[in-house]
Amino acid sequence: MRFTKKFLRKGIVIGVSTLALTFGLTACGNNPAPEKPAATSEVSWTETLDGQEVTAKVDKVPTRAISMSQATTEMMLALGLEDKMVGTAMKEEEIYPPLQEAYDKVKVLSEKWPSYETFMAEKPDFATGWEVPFTKRGIPAERITSQGVPIFVPSSMQKLDADLNTVFADMMKYGEIFGATDAAKVWVDAQKKLLGTVQTKIKDLPRKKIFVYDSSDGQPFTAFKGYTTNILKLIGADNVMENAGVDKTWAATSWESVVAADPDYIIIADYSNGVRNDEDFQEKVATIKNNPQLQNVTAVRENHFVKVKLSEITPGVRTVESLQRLAEEIHGVKID
């Protein structure tokens, strides 16, 4: 898993608690018009940055924000905050299509992470992203915060017990910081409404066993516990690796374990470049089909392979819309 191997194996864990099947949701593509920023009271939060717990705050709406990760960029754009952004970085795949127009209005500072000099040249007054960009692999947090620039790492990207509610809370926090609480509430309510529609449609259908396949280096790399496993539960899809005795979000397993679990569907992370290209997905399907160990696995025998982008099953604005599509494919229903 390119993202997971790069980040989760370095200590970024996207854990998740199990959510009760009482949520609702709507298209993540809604991009509410930004509210007119008001003179807000102080907004503060606590972060763990590069192993240190720090308190950050803003006493006015930031107008020169920089997002150092694609997921946080999309979270801000979904709230219509592009006019408060002076830079983005670390675009790992195609931008979520409903947000492309807004993304095009924001300066791209670097394909990966910018240098300290490039970052500070934009005179930022706020920074956000996963934790990794604010370590020595990117720009150490202390170099940024020492210049009076607060850093916000969404809790859904840090907490071991994060869940879909945590993503919603993160969006509300962005709304609070940027004086856009109405827009954030509209977005959250829309997501809940859509998820409710999905769950109503599938509530009487039998649950499916799934295996998440990211990549293989001799052994398949997969999801065990955490965010991915728990959001799939919301659509009646149970990860066969959840109770395999591995207390990690992502790790390697064995093909023998997959055979023993006999999943109904295999969800495959596709890293192909371009919206219409699925070469990586097709290669992974071929690898699985050509593995003699797997010939009698239900998902292989019935050709039940489902393609996802990693951003669709990790914290961000795409989760619920992706769950609708996955529910349709896994349960064979159309959800309007």
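The values are calculated or read from the model by the stated rules, or taken from the named source; none is laboratory data. In this text, all values refer to a predicted model and were calculated from it rather than measured experimentally. Cβ coordinates were reconstructed from backbone atoms using ideal geometry, including for glycine residues, and neighbour counts include every protein chain displayed. Accessible surface areas use protein heavy atoms only, side chains included; no ligands, DNA or RNA. Shrake-Rupley method; radii C 1.70, N 1.55, O 1.52, S 1.80 Å.
Among the trypsin sites (Lys or Arg not before Pro) in region 191-237, those placed in a DSSP loop whose Cβ has at most 12 other Cβ atoms within 10 Å are Lys203.
The smallest convex shape that holds all Cα atoms of region 166-234, its convex hull, gives 111 Å³ per residue.
Of the Cα atoms belonging to region 57-190, the radius of gyration and Dmax stand at 13.8, 40 Å.
Cα-based values for the chain, radius of gyration first and Dmax second, are 20.0, 65 Å.
Solvent-accessible area of region 100-217 (1.4 angstrom probe, protein heavy atoms only): carbon and sulfur portion equals 49 percent. Accessible surface calculations at 1.4 Å, restricted to protein heavy atoms, place the chain at 43 Å² per residue. Dividing the summed helix terms, -39500 (n - 2.57) for each DSSP H run of n ≥ 4, by the number of residues in the chain produces a 222 nm estimate of -9000 deg cm²/dmol to the nearest 500.
Counting only DSSP beta bridges whose two residues both lie in the chain, roughly 35 percent are antiparallel. Calculated on C-alpha atoms, the gyration radius of region 148-293 divided by its Kirkwood radius gives an Rg/Rh of 1.03. When the surface is traced with a 1.4 Å probe over the full set of protein chains, Val149 keeps roughly 0 Å² accessible.
Close amide H contacts of Met85 (hydrogens built in the peptide plane, cut-off under 5 Å, sequence separation of 5 or more or a different chain): Ala65. The amide H of Ser216, built 1.01 Å from its N in the peptide plane, has Phe221 as neighbours under 5 Å, considering only residues 5 or more places off or on other chains.
Between Asn239 and Ile210, the built amide H atoms are under 5 Å apart, and every one of these is 5 or more places off in sequence or on another chain. When the surface is traced with a 1.4 Å probe over the full set of protein chains, Asp59 keeps roughly 110 Å² accessible. Identify which of Gly218, Gly236, Gly80 has the largest mean-square fluctuation in a Gaussian network model of the chain, with springs joining Cα atoms closer than 10 Å. Maximum among the listed residues: Gly218.
Taking every protein chain into account, the 1.4 Å probe leaves Asp262 with about 50 Å² of accessible area, to the nearest ten.
Debye calculation, C-alpha points only, no solvent: report log10 I(q)/I(0) for region 212-336 at q = 0.23 Å⁻¹, in the same order as the q values. Each listed q maps to, in turn, -1.67. Across the chain, the relative contact order, built from alpha-carbon pairs under 8 Å that are at least six residues apart, equals 22 percent. Sorting Thr118, Thr166 on solvent-accessible area from highest to lowest, probe radius 1.4 Å, gives Thr118, Thr166. Of the GluC sites (Glu not before Pro) in region 244-306, the ones in a loop by DSSP (not H, G, I, E or B) with at most 16 other beta carbons within 10 Å are Glu302. Which values of log₁₀ I(q)/I(0), to two decimal places, follow from the Debye formula for region 97-152 at q = 0.12, 0.24 Å⁻¹ with a uniform point scatterer at every Cα? After summing over all Cα pairs, the log10 values are -0.30, -1.02.
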